Amino acid sequence: MLENFEALGQNVFVKEIKEEEKVNGFVMPDNLDADFTKGEVVLCGTGYYDHGVYVNSPITIGDRVMFPKVSGTKVTLGGEKVIRVYMSDLVVKEYRK
């Protein structure tokens, strides 16, 4: 239902990815990046102004990103739970080959 929405400015909407690892048949949560949230971009603004200069978005829908857990606001859009984050809060973008 997110096709009815468009992100504005530097807003990025991310669906959280929770990765788990199996060790000897037990499910272990991914604690290595405990201070960061991983997610897939579902909506993305086109960019933002920084000190009077327009910065185009380096992020596109489908990108996997990481941001500090203290960043972002959990919201529900079109019945889906997502996290709203500013582009400037994103710290990692995963490149796929």
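A short reminder: the numbers here are calculations on the coordinates, not readings from a lab. What you are looking at is a predicted structure, and each value in this text was computed from that prediction instead of being measured.
Near THR37, the amide H atoms lying under 5 Å from its own belong to PHE67, LYS69; only residues 5 or more places off or on other chains count, and H is placed 1.01 Å from N. Phi-derived couplings, Karplus 6.51 cos²θ - 1.76 cosθ + 1.60 at θ = phi - 60°, listed residue by residue for region 43-58: 9, 8, x, 8, x, 7, 9, 10, 6, x, 10, 7, 10, 5, 5, x Hz, with x used for Gly and Pro.
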